[in-house]
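The structure appears below as structure tokens.
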Amino acid sequence: MAKNSLFLLPGDGIGPEIMAEVETIIAFLNGKGLTDFSLDRGLVGGCAYDAHGAAISEADMAKALAADAVLFGAVGGPKWDSVPYNCRPEAGLLRLRKDLGLFANLRPAICYPALADASSLKREVVEGLDILIVRELTGGVYFGEPKEIVTLENGEKRAVDTQVYTTHEIERIARVAFDLAKARNGRVSSAEKRNVMKSGVLWNQVVTKIGKEEYADVKLDHILADNCAMQLVRWPKQFDVILTDNLFGDVLSDIGAMLTGSLGMLPSASLGAPDAATGKRKALYEPVHGSAPDIAGTGAANPIAMIASFGMALRYSFGLIDLAGKLDDAIARVLGKGLRTKDIAQKGEATIDTRAMGAAILAEFKALVG
């Protein structure tokens, strides 16, 4: 069995608590002989700033680059609100994405039947929801230059962020979305703002060309990003795969998260280009939610998104499709039995803490694995 390396970056707030529940699953898989993961750990975010004066150290960046996959918890908190802009906790995640070349962010929005009533939308709107948002991650307004705040001659300040995309950047993320759609229901909805943004015009042109020339068997629709946001709330089950840029993907994926009832439920994968020699991709897996400093250390954190993110790592980085499926099934079984952390509980329902939820999922996973 090939030995695979995982680099763990728990981060700040609830990050270490939810990462600990993944480590118990990894220990089980290694002990059972089903995997041979070697683990290393580092610092990212505010804790890295406290230790090294940077959101991630050069040594830990080197470890991330060398690993087969990175598992990331969460970063940030009010403690670091006043640190220099280039040292803010989120800068560690942005650097990981950029240096690892993680251009494709996959964010599933799945509503487990047992949690349909936890959504703020009506049950019939979200029950059975299974959509995938594919977000371009290393281009667009978050990385475009110039990015600055300048003082004008009259004393006013002017802030500038630049939205930039090239044909190549759009082509490669479009192919990811089309390939994933082929394995799902064969539909891609491409969201941009071609009515007011030149980058949207180019995005539309390139995606249309790729779809027509390379993926004629996939149905392609174009939708303005603001309308897509509205439609996600009106009737999300009309979508299969949503393809979009960095900025709009940031917004749309958080809307998708709340359709399921809680940000604590949803995983994500960030993938790079396949290596020309090995075919392997650099990859980082993280829950969609933040560091939730207000509940850190209280045992109230929901570990499901972190555990499901590890499930995505099993699937996309290591080809362990069967194990990934069983881990997803274990989560569904636990929820089906009525076990809830505070964030997904209905009024009056009993709740369990982070460790109890992790232990329940592990128990079901063990039963499924045999």
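Taken over segment 138-183, the criterion of being touching a Gly at 6+ places or on another chain (Cβ under 8 Å) and modelled with pLDDT under 95 is satisfied by T138 alone.
Report whether or not D130 is modelled with pLDDT under 95, surrounded by fewer than 21 Cβ atoms within 10 Å (Cβ to Cβ) and either farther than 24 Å from D343 by Cα or within 19 Å of the chain's Cα centre (by Cα) (or both).
Details: modelled with pLDDT under 95: yes; surrounded by fewer than 21 Cβ atoms within 10 Å (Cβ to Cβ): yes; either farther than 24 Å from D343 by Cα or within 19 Å of the chain's Cα centre (by Cα) (or both): yes.
Yes: the conditions hold for D130.
The C-beta contact set for segment 189-202 (first residue on the phi > 0 side of the Ramachandran plot, second residue open to solvent by 30 Å² or more (accessible area, probe 1.4 Å) and in a helix (DSSP H, G or I), distance under 7 angstrom, 6+ apart or interchain) is empty. Only one entry in G77, G42 is touching a Leu at 6+ places or on another chain (Cβ under 9 Å), within 29 Å of L247 (Cβ to Cβ) and of a type in the set (G, A, S), namely G42.
Considering each residue of segment 154-162 in turn, at least one proves to be under 20 Å from L137 (Cα atoms), in contact with a Pro (Cβ under 9 Å, 6 or more places away or on another chain) and among the aliphatic types (A, V, I, L, M).
Identify all residues within segment 80-119 that are within 27 Å of D240 (Cα to Cα) and either in a loop (DSSP other than H, G, I, E, B) or more than 16 Å from the chain's Cα centre (by Cα) (or both); write none if there are none. Full working, then the answer.
Initially, segment 80-119 is screened for residues within 27 Å of D240 (Cα to Cα), giving 97, 101-119.
If the condition is that a residue be within 27 Å of D240 (Cα to Cα) and either in a loop (DSSP other than H, G, I, E, B) or more than 16 Å from the chain's Cα centre (by Cα) (or both), then G101, L102, F103, C111, Y112, P113, A114, L115, A116, D117, A118, S119 are the ones that fit.
Residue-wise test of (1) touching a His at 6+ places or on another chain (Cβ under 9 Å); (2) not β-branched (V, I, T).
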site: F37; (1), (2): no, yes
site: Y49; (1), (2): no, yes
site: I56; (1), (2): no, no
site: A59; (1), (2): yes, yes
site: A64; (1), (2): no, yes
site: L71; (1), (2): no, yes
site: R88; (1), (2): no, yes
site: S120; (1), (2): no, yes
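Taken over segment 90-115, the criterion of being farther than 23 Å from K79 by Cβ, hydrophobic (A, V, I, L, M, F, W, C) and modelled with pLDDT of 95 or more is satisfied by L100, L102, F103, A104, L106. When segment 252-279 is limited to residues that are in contact (Cβ under 8 Å) with a residue 12 or more places away in the chain and part of a loop (DSSP other than H, G, I, E, B), the one that is farthest from A305 (Cα to Cα) turns out to be A273. Exactly one residue out of L94, L39, L106, L100 is under 21 Å from A292 (Cα atoms) and either of a type in the set (A, V, I, L, M, F, W, C) or touching a helix residue (DSSP H, G or I) at 6+ places or on another chain (Cβ under 7 Å) (or both): that is L94.
Among the residues of segment 52-84, count how many are open to solvent by less than 60 Å² (accessible area, probe 1.4 Å) and not acidic (D, E).
If we filter segment 52-84 for residues that are open to solvent by less than 60 Å² (accessible area, probe 1.4 Å), which is where we start, we get 53-57, 60-62, 64, 67-77, 80, 83.
From what's left, not acidic (D, E): 53-57, 61-62, 64, 67, 69-77, 80, 83.
Number satisfying all stated conditions: 20.
Looking at G186, G200, just one residue is over 14 Å from N246 (Cβ atoms), open to solvent by less than 70 Å² (accessible area, probe 1.4 Å), at pLDDT 95 or above and out of contact with any Pro (no Cβ under 6 Å at 6 or more places or on another chain), and that residue is G186.
Among the residues of segment 217-260, which ones are touching an Asp or Glu at 6+ places or on another chain (Cβ under 8 Å) and buried (at least 19 other Cβ atoms within 10 Å of the Cβ)?
Pass one, segment 217-260, residues touching an Asp or Glu at 6+ places or on another chain (Cβ under 8 Å): 222, 224-225, 244-246, 248-249.
Listed by number, the residues that qualify are A225, T244, D245, N246, F248, G249.
Reported count of residues in segment 14-65, each being in contact with a strand residue (DSSP E or B) (Cβ under 7 Å, 6 or more places away or on another chain), over 22 Å from P303 (Cα atoms) and assigned to a helix (DSSP H, G or I), is 2.
The values are calculated or read from the model by the stated rules, or taken from the named source; none is laboratory data. Values in this document were obtained by computation on a predicted structure and should not be read as measured data. Quick reminder, even Gly has a Cβ in these numbers, built from the backbone with ideal geometry, and neighbours come from all protein chains shown. We work out accessible area using only protein heavy atoms, side chains counted, and drop any ligands, DNA or RNA first. Shrake-Rupley method; radii C 1.70, N 1.55, O 1.52, S 1.80 Å.
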